Amino acid sequence: MKQINSLCVLPLLTAAILCLDGCARPQPAPGQAATAQPPEQSLPALIPQPEKIRRSDGAFRLRPESRILVDAPSEATGQYLAAKLRTSTGYKIDVEPGGKGVAPKGSIILTTQNASADLGAEGYELTAIPGSVVIRAPGQAGLFYGAQTLLQLLPPEIFSTQTVKGVQWSTPCVQIEDRPRFAWRGMMLDVSRHFFTKAEVEQLLDLMAMQKLNTFHWHLVDDQGWRIEIMKYPRLTQIGAWRKDIGFGLDPKAGTAYGPDGRYGGYYTQADIREVVAYAASRHITIVPEIEMPGHSSAALAAYPEFSCSGGFYTTEVSGGTLAGVYCAGNDGTFEFLQNVLAEVIELFPGKYIHIGGDEVSKDNWAKCEKCQARMAKENLKDGHELQSYFVRRMEKYINSRGRTLIGWSEIREGGLAQNAVVMDWIGGAVEAASAGHDVVLSPTTYCYLDHYQSTNQAAEPRAIGDYLPLSRAYSFEPVPAKLDPQFHSHVLGAQGNLWTEYVASFSHVQYMTFPRMCALAEVGWSPAASRQWSSFKQRLATQELRFDQLKVTYRKGMQE
Ligand code: TNX
């Protein structure tokens with residue numbers, strides 16, 4: 001670990017080393033008897049668990065006169081941290097340029113100077129000693145994660161949305177060296193089946209940042225709703241963003257998204273999208289937009305039926321059906337339309353990846369469609385799978401030509417995987433794709449589906465879509481498939497939790513399904529595999545729950561398994 005710089009005048013204390021699972025106690029000095037310590041005096045309850053943490057005696061105390069000292073590149077991160085600290089402590093917490101002499105007692109120092117490049121883009125070191133906290137990282141994402149760790153080192157009340165009196169704002173003295181295991185630590189939210197506002201999405205981004213998640217997969221389009229304004233095709237949102245009611249057999253009162261005329265739905269304007277993208281970026285979260293094709297496209301076809309095989313009637317009023325709207329793959333106009341849509345999407349989202357869905361495509365219409373049959377004959381495609389592959393490859397050409405990378409669900413492998421595509425595995429295919437040199441993201445239903453039940457007592461739970469997916473199962477997830485040859489392990493970009501919202505119509509229900517299982521998946525994505533221990537996680541989760549209480553976040557309590 002690096003030495004702290006001269007800003008931090010106090011010497012490093014000789015740290016008592018604790019094991020990573022929270023089981024150990026500070027080692028007694030030679031000749032001293034070990035004293036029994038309550039668990040909270042062992043390892044701080046950090047989620048996700050850092051790569052390396054050493055605890056030493058003593059505490060750092062945040063004081064009314066505490067300041068955040070920053071080097072020039074770290075100003076924004078300093079302001080972010082200051083805003084968080086001010087709210088609950090009521091302290092002034094000025095952000096000032098550092099490096100001018102000795103740091104006053106109680107300072108927090110954020111700096112990129114002399115940071116070890118080995119920490120990588122998202123890694124950081126944090127040293128808390130009685131007089132100061134120093135967070136050092138080569139990049140702002142790392143400093144930001146160091147700031148998140150500092151917040152978790154402080155009492156849970158630091159997350160309060162109002163000033164709390166009578167709290168000792170101290171952190172244990174620690175030295176942390178931390179960096180993520182995986183580059184893709186994702187969560188998907190389906191805003192099509194039910195709609196969530198810009199403010200709600202931003203709240204989710206804040207909660208993601210707290211768990212050091214860095215990829216928000218925004219499922220913007222599905223059969224039941226088109227949620228992104230596209231200037232060239234206004235009917236996509238005029239028609240596709242609305243349906244007559246909440247759908248899925250839910251009580252209308254379970255939902256919150258009603259238009260002025262009482263219809264159910266909503267969409268994000270391009271200004272909204274820009275705002276959310278910037279909000280995410282300031283939390284070091286990249287957004288991966290998903291525009292579903294060729295299936296799950298009823299909402300688009302309700303607005304522009306000419307891009308279906310039959311030209312016939314499509315509607316957003318499809319409850320539960322997974323094989324509803326499919327674009328015509330024989331019509332060149334379909335590709336022109338989708339490329340025009342993606343052109344606007346690409347302008348709005350600066351990230352590397354564009355998700356094109358590709359899951360659950362019925363080939364029935366294509367088999368009956370003259371244009372699709374002609375396409376198959378012309379391109380020498382032997383079945384619907386190959387026609388789907390043609391579709392995806394053609395879209396990939398466009399996406400690549402715009403400098404982006406196509407990602408799609410497991411089924412984009414059917415009929416042959418497009419050349420540079422990334423596979424998001426929900427029902428398999430990661431081993432095959434990675435072994436063929438493609439990058440993959442793991443989000444298998446068995447471990448990563450947040451729409452599944454959180455209890456075996458289903459009657460006591462809000463209606464959910466899938467089987468039982470307990471917290472312990474999410475926590476036990478190993479993203480690198482056992483069958484994948486080590487030479488291809490580097491193709492595993494990471495892991496992702498998915499929340500489909502057929503039965504989730506309010507934001508507090510989103511939170512209930514997401515937490516604490518997403519905390520478990522965050523640790524899966526961040527922490528070294530060897531450090532993961534269920535008993536430690538459960539113990540730390542008890543403190544995480546106190547943080548959620550302060551934030552007034554709904555979560556599933558009492559997840560013992
Ligand atoms: C399958 S997972 C779907 C979604 C559904 C989900 C319900 C995937 C790529 N497609 O359209 O909402 O099952 O769990």
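Can you list residues whose amide H is under 5 Å from Leu69's amide H, if they're 5+ apart or on another chain and H is modeled 1.01 Å from N?
Amide H neighbours of Leu69, under 5 Å, 5+ apart: Glu96, Ile108, Ile109, Leu110.
With a Förster radius of 30 Å, plug the Cβ-Cβ distance of Val431 and Asp467 into 1/(1 + (r/R0)^6) and report the FRET value to the nearest 0.05.
My answer for the efficiency is 0.85.
Amide H neighbours of Arg193 under 5 Å, counting only residues 5+ apart in sequence or on other chains, H built in-plane at 1.01 Å?
Result for Arg193 returns Thr501.
With runs of 4+ DSSP H residues as the only contributors, calculate the mean residue ellipticity of the chain at 222 nm using -39,500 (n - 2.57) per run, divided by the residue total and rounded to the nearest 500.
For the chain, the value works out to -8500 deg cm²/dmol.
Tell me the label-point distance for the pair Ser401, Glu317, using the 7 Å Cα-to-Cβ offset, in nm and rounded to one decimal.
4.0
From the square roots a ≥ b ≥ c of the eigenvalues of the alpha-carbon gyration tensor of region 301-453, which class results: rounded (a/c under 1.5), prolate (a/b over b/c), or oblate?
rounded
Once a ≥ b ≥ c are taken as the square roots of the eigenvalues of the Cα gyration tensor of region 241-343, is the result rounded (a/c under 1.5), prolate (a/b larger than b/c) or oblate (a/b not larger than b/c)?
Oblate shape, in that a/c is at least 1.5 and b/c is the bigger or equal ratio.
Grab the Cα-Cα distance for Glu370 and Asn340, subtract it from 0.36 nm times how many residues apart they are, and report the gain in nm with one decimal.
8.3 nm
Please list 3J(HN,Hα) in residue order for region 136-151, calculated via the Karplus relation 6.51 cos²θ - 1.76 cosθ + 1.60 where θ = phi - 60°; whole Hz, with x for glycine and proline.
10, 7, x, x, 5, 4, x, 4, 4, 5, x, 5, 4, 5, 4, 4
For the modelled label position 7 Å from the Cα of Lys552 along Cα-to-Cβ, which residues of region 164-202 have backbone nitrogen atoms closer than 14 Å?
Under cut-off, by backbone N: 200.
Tell me, what is the per residue accessible area of region 362-465 in Å², probe radius 1.4 Å?
I get 44 Å² per residue for region 362-465.
Residue by residue, what Karplus-based ³J(HN,Hα) values in Hz, rounded to whole numbers, does region 103-113 have, using 6.51, -1.76 and 1.60 with θ = phi - 60° and x for Gly and Pro?
Calculated HN-Hα couplings, in order: 6, x, 4, x, 7, 10, 10, 10, 8, 9, 5 Hz.
As an exercise, use a Förster radius of 41 Å and the Cβ-Cβ distance of Gln487 and Lys198 to find the FRET efficiency, rounded to the nearest 0.05.
Computed FRET efficiency for Gln487 and Lys198 comes out at 0.40.
Angle, helix 384-401 long axis vs. longest principal axis of the chain, Cα atoms, 0 to 90°, nearest 10?
The answer is roughly 60 degrees.
Might you tell me the accessible area per residue for region 497-561, computed with a 1.4 Å probe and given in Å²?
Heavy-atom accessible area per residue stands at 31 Å².
Can you give the extra length, in nm with one decimal, that the chain gains between Asn420 and Ala460 once fully stretched, where that is 0.36 nm per residue apart less the Cα-Cα distance?
Stretched out fully, the Asn420 to Ala460 stretch lengthens by 9.9 nm.
If you put +1 on each Lys and Arg Cβ and -1 on each Asp and Glu Cβ, how big is the dipole of the chain around its Cα centre, in Debye rounded to 20?
1400
Could you work out what % of the accessible surface of the chain is carbon and sulfur, using a 1.4 angstrom probe and leaving DNA, RNA and ligands out of the count?
52
On C-alpha positions alone, give me the angle between the axis of helix 270-281 and the longest principal axis of the chain, in degrees, nearest 10.
For 270-281 against the chain, the angle is about 40 degrees.
Rounded if a/c is under 1.5, else prolate if a/b beats b/c, else oblate: with a ≥ b ≥ c from the C-alpha gyration tensor eigenvalues square-rooted, which is the chain?
prolate
Compute the accessible area per residue over region 153-214, keeping the other protein chains in place, probe 1.4 Å, unit Å².
Ligands and nucleic acids excluded, the result is 27 Å² per residue.
Taking the Cα of Lys244, stepping 7 Å toward and past its beta carbon, and measuring to each backbone N in region 284-321: which are under 12 Å?
Inside the label zone: 316-318.
Could you tell me how many degrees, from 0 to 90 and to the nearest 10, lie between the Cα long axis of helix 534-551 and the main elongation axis, the longest principal axis, of the Cα atoms of the chain?
Approximately 90 degrees, to the nearest ten.
Quote the FRET efficiency, to the nearest 0.05, computed for Ala59 versus Ala530 with a Förster distance R0 of 30 Å and r equal to the Cβ-Cβ distance.
That gives a FRET efficiency of 0.55.
Using the Karplus equation 6.51 cos²θ - 1.76 cosθ + 1.60 (θ = phi - 60°), what ³J(HN,Hα) coupling, rounded to whole Hz, does each residue of region 298-304 give in order, writing x for Gly and Pro?
For region 298-304, the Karplus curve yields 4, 5, 5, 6, 5, 7, 10 Hz.
Do any of Lys92/Lys212; Lys363/Lys397; Lys212/Lys552; Lys212/Lys483; Lys212/Lys538 go past 24 Å between their Cα atoms, and which?
Lys92/Lys212; Lys212/Lys483
Using amide H atoms built in the peptide plane, which far-off residues or other-chain residues are under 5 Å from Ile228 H to H?
Those lying under 5 Å, H to H, from Ile228 are Tyr268.
The values are calculated or read from the model by the stated rules, or taken from the named source; none is laboratory data. If you're wondering where the values come from, they're calculated on a predicted model, not measured in any experiment. Virtual Cβ from ideal backbone geometry, glycine too; neighbours counted across all protein chains shown. Note: accessible area is taken over every heavy atom of the protein model, side chains too, but ligands, DNA and RNA are not part of it. Shrake-Rupley method; radii C 1.70, N 1.55, O 1.52, S 1.80 Å.
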